[in-house]
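Trainee: One structure, pasted below without further comment.
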Amino acid sequence: MFETLSEKLSGVFDKLRRRGALSENDVTEALREIRLALLDADVALEVVRDFTANIRERAIGAEVTKSVTPGQQMVKIVHDVLVESLGGEGAVSINLNAPAPIALLMVGLQGSGKTTTSGKIALRLKDKQRKKVLLASLDTQRPAAQLQLQQLAERAGVACLPIIMGQSPVEIARRAMETGRREVFDIVILDTAGRLAIDQVLMDEVKAIRDATRPIETLLVVDAMTGQDAVNTAREFNQQIGVTGIVLTRMDGDARGGAALSMRAITGAPIKLVGSGEKLDALEDFHPERVASRILGMGDIVSLVERAAETIDQAEAEKLAAKMAKGTFDLADYANQLKQIAKMGSLSGILGMLPGVGKLKARMGDANLDGAILKRQAAIISSMTPKERRTPDILKASRKKRIAAGSGTSVQEVNKLLKQFDDMSTMMKRMQKMGQKGLLRQGLGALMPKGIMPGASGRRLF
Amino acid sequence: MALGAFFARLKEGLARSTQKITESINAIFKKRRLDDAALEELEDILVSADLGAAVAAHIIGNFRRTRFGKEVTDEEIRETLASEIAAILEPVAQPLVIERSHKPHVVLVVGVNGTGKTTTIGKLAQQYRESGLIPMLVAGDTFRAAAVEQLQIWGQRTQAEVITAPQNADAAGLAFDGLTRAQAAGADVLLIDTAGRLHNKATLMEELRKIMRVLKKKDPTAPHSVLLVLDATTGQNAIQQVKVFKEMVDVTGLIVTKLDGSARGGIVVALAEIFSIPIHAVGVGEQAGDLRPFDARDFARSLVGAA
């Protein structure tokens, strides 16, 4: 029941892979599964219809007969249509092509994450594009909303329009733009109150704000967990105020994110940014091809590598690599490596990006396992003496008992760790023989301890 | 509030959500033979109300057995649909009962980010105050900027004491203090706000468990209720949310918010089927009076637009 879209689709394609040629029946069967999977992923019904019709059109006919294997061809078609539907290759960034001060208007339902996103965008524009940003909260509805934005502005190190109680949102917007002009800001981000698309009074208010500030971007902020209602929200906001871009928040959750497909299809506006965490720097470009690959279970290797590059200490990594090459990799290095992996974030988050691990991830369960093993292994190693870490061979029953007691684990767990370390050392020796090429083929799975990722040794790579 | 007025209010809140579904049903079923195509369209309508493919198929399955091939009017369709859905919802429509003997009855409020936890607590506090109970609030969201201030404003509105701690303070310690203070002050209800968290973040979920453990040190029976606040616009991911929160902190009931929008909240039906978890109340607006008890028949009838 809780299968992800990628798992369901891999199920369909597993069936297709086994067959010689792709008949109309095959396509129909696959499409039925694709339809269900998309609905389960919260893609809006009308969008699903167009999507499957599009795939049927392309799948039955010339494209298929030319294929190497029908299953592969089908995967490619679905992937291509997904990428297209999500906006084609490459990320679309925020449009800043206008005379300063540029107004960015943030709109959306209550609780979609507008205020937090405003803070994130401000930080990003300030840090990455060296812009002078002014944040202004027009939310006079929710208690303490203006204060929230002010605090976020402080954290982001950008200016915030001083709060004057009793002003209407339109008045605040005018004041923000005046301040922007007078104090020479590059960008003014206008954070509006959450509103329902069907609340005409509030929609008229946001129209008035738009007319008063002439924003170059009107960004609709949408929760990635949104269900079928995504269509209504997207359509109403787009028709009434005109949406130039979409920000998808909470993509770090485990929602299947079908809303992305719906939103894009209904508004035609590109998805520009993705919120991926609670911290202010957790804002990423939206890459349609990556998300499509992820949906299809092909993994999101690019994001993983990017994240790894950001978090892993380069010098540390080189030192480790040298040790591996020399064959002097010991338990202390292993503990170091565990720390690096832990820094990259939750284990299930990392696993989700690896190709073909979707099913494995489901088997592990989502919340419980996370990081616990890594932590425990680190604890075991911390309970060893430096000498033991260098030469684990000296570990016999009495030492193991002491280590187990010291780390609050059991002798079995200590043994398990040692066995894993042993396997790793063997693998490293093998890798040295295979050279660089071998490492690539084995994938990142080879770098992880076996016990954590049973069966993920690169066998199921696409 | 009189019963009639309440129905009117709920209906008004749900009116817009049901408008579309009603229109669709009208369009398809005005005296028409209930054949395969018609059933499929009906199933689609349920799916687009967020009931989920499985639940929709189940309900349509019942329809097929009893009505297939008959000439039906849309009134019939709605009545039958409503009673199908109500039958699923009735067992879970249970109000949240505050036990005065607990002194205080501890209510822990949890949920993902942005579902309306703080607002719901404000509304609950107001209702308890009006019914003569003494509420006390704990501003347990020590993470989000200005979350404490937001709850404090609700505290002023409801004359309820708000226990606070500095930003990024330990929420469990704060909850413990809150319970201690509430016991000393003789409060009837202690409403504990928590920071919104995605259910797949293990460390954050562990934090919630810690709050539970710490509360039990002070009162082994606490928390007496653990409420999961759910946004009605949420799609199928709500199932995963309820599953994980239930496993981790033993959620005792749901409150569904933002039903005044165009979202139809059909996911509630799926949740009732899968988890049989009590649904206590629905939020249909921003005012304190807009938090309403959950009524199965009413919700079902409103959902399908039955008169």
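Trainee: When you go through A:V83, A:V48, A:V92 one by one, which is the residue that is in contact with a Pro (Cβ under 7 Å, 6 or more places away or on another chain), assigned to a helix (DSSP H, G or I), surrounded by 15 or more Cβ atoms within 10 Å (Cβ to Cβ) and modelled with pLDDT of 80 or more?
Mentor: Checking each option against the conditions leaves just A:V83.
Trainee: OK, next. For region B:114-121, state whether one or more residues are within 16 Å of the chain's Cα centre (by Cα) and on the phi > 0 side of the Ramachandran plot.
Mentor: Yes, some residue in region B:114-121 is within 16 Å of the chain's Cα centre (by Cα) and on the phi > 0 side of the Ramachandran plot.
Trainee: Taking B:T203 as the residue in question, decide whether it is within 14 Å of another protein chain (Cβ to nearest Cβ) and buried (at least 24 other Cβ atoms within 10 Å of the Cβ).
Mentor: Taking the combined requirement at face value, the residue does not satisfy it.
Quick grid of which residues meet (1) open to solvent by 40 Å² or more (accessible area, probe 1.4 Å); (2) more than 30 Å from B:R157 (Cβ to Cβ); (3) free of Cβ contacts under 8 Å to residues at least 60 places away in the same chain; (4) hydrophobic (A, V, I, L, M, F, W, C):
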{"site": "B:A49", "(1), (2), (3), (4)": "no, yes, no, yes"}
{"site": "B:G52", "(1), (2), (3), (4)": "no, yes, no, no"}
{"site": "B:A56", "(1), (2), (3), (4)": "no, yes, yes, yes"}
{"site": "B:L81", "(1), (2), (3), (4)": "no, yes, no, yes"}
{"site": "B:A93", "(1), (2), (3), (4)": "no, no, no, yes"}
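Trainee: Within region B:103-149, can you find the residues that are of a type outside the set (D, E), within 21 Å of B:G283 (Cα to Cα) and without any contact (Cβ under 8 Å) to a residue 24 or more places away in the chain?
Mentor: Once the filter is applied, which keeps residues that are of a type outside the set (D, E), within 21 Å of B:G283 (Cα to Cα) and without any contact (Cβ under 8 Å) to a residue 24 or more places away in the chain, region B:103-149 yields only B:S131.
Trainee: Return the only residue of B:G265, B:G235 being more than 8 Å from chain A (Cβ to nearest Cβ), closer than 17 Å to A:L45 by Cα and touching a helix residue (DSSP H, G or I) at 6+ places or on another chain (Cβ under 8 Å).
Mentor: B:G265
Trainee: Further, regarding this structure: Within region B:120-131, is even one residue closer than 17 Å to B:G196 by Cα, open to solvent by 30 Å² or more (accessible area, probe 1.4 Å) and within 13 Å of chain A (Cβ to nearest Cβ)?
Mentor: no
Trainee: A:I198 fails exactly one of the following numbered conditions: (1) among the hydrophobic types (A, V, I, L, M, F, W, C); (2) in contact with a strand residue (DSSP E or B) (Cβ under 9 Å, 6 or more places away or on another chain); (3) within 11 Å of another protein chain (Cβ to nearest Cβ); (4) surrounded by fewer than 23 Cβ atoms within 10 Å (Cβ to Cβ). What is the number of that condition?
Mentor: (2)
Trainee: Could you list, ordered by first residue, the pairs with Cβ atoms under 9 Å in which the first is in region A:224-246 and at the interface with chain B (Cβ under 10 Å from one of its Cβ atoms) and the second is surrounded by fewer than 24 Cβ atoms within 10 Å (Cβ to Cβ) and of a type in the set (D, E), at least 6 apart or interchain?
Mentor: A:A224/A:D252; A:V231/A:E46
Trainee: Given the structure, is A:L161 crowded, with 21+ Cβ neighbours inside 10 Å and within 14 Å of chain B (Cβ to nearest Cβ)?
Mentor: Judged against the criteria, A:L161 is not a match.
Trainee: In region B:142-153, how many residues are open to solvent by less than 10 Å² (accessible area, probe 1.4 Å) and not aliphatic (A, V, I, L, M)?
Mentor: Looking only at that region, the number is 1.
Trainee: Another one. Can you tell which of B:T80, B:T142, B:T164 is hydroxyl-bearing (S, T, Y), more than 14 Å from chain A (Cβ to nearest Cβ) and over 21 Å from the mean Cα position of the chain (by Cα)?
Mentor: Within the list B:T80, B:T142, B:T164, the selection yields B:T80.
The values are calculated or read from the model by the stated rules, or taken from the named source; none is laboratory data. Worth saying up front: this structure is predicted, and the values here are computed from it rather than measured. Note that we place each Cβ from the backbone using ideal geometry, even for glycine, and neighbour counts take in every protein chain shown. Calculation scope for accessible area: heavy atoms of the full protein, side chains included, ligands and nucleic acids excluded. Shrake-Rupley method; radii C 1.70, N 1.55, O 1.52, S 1.80 Å.
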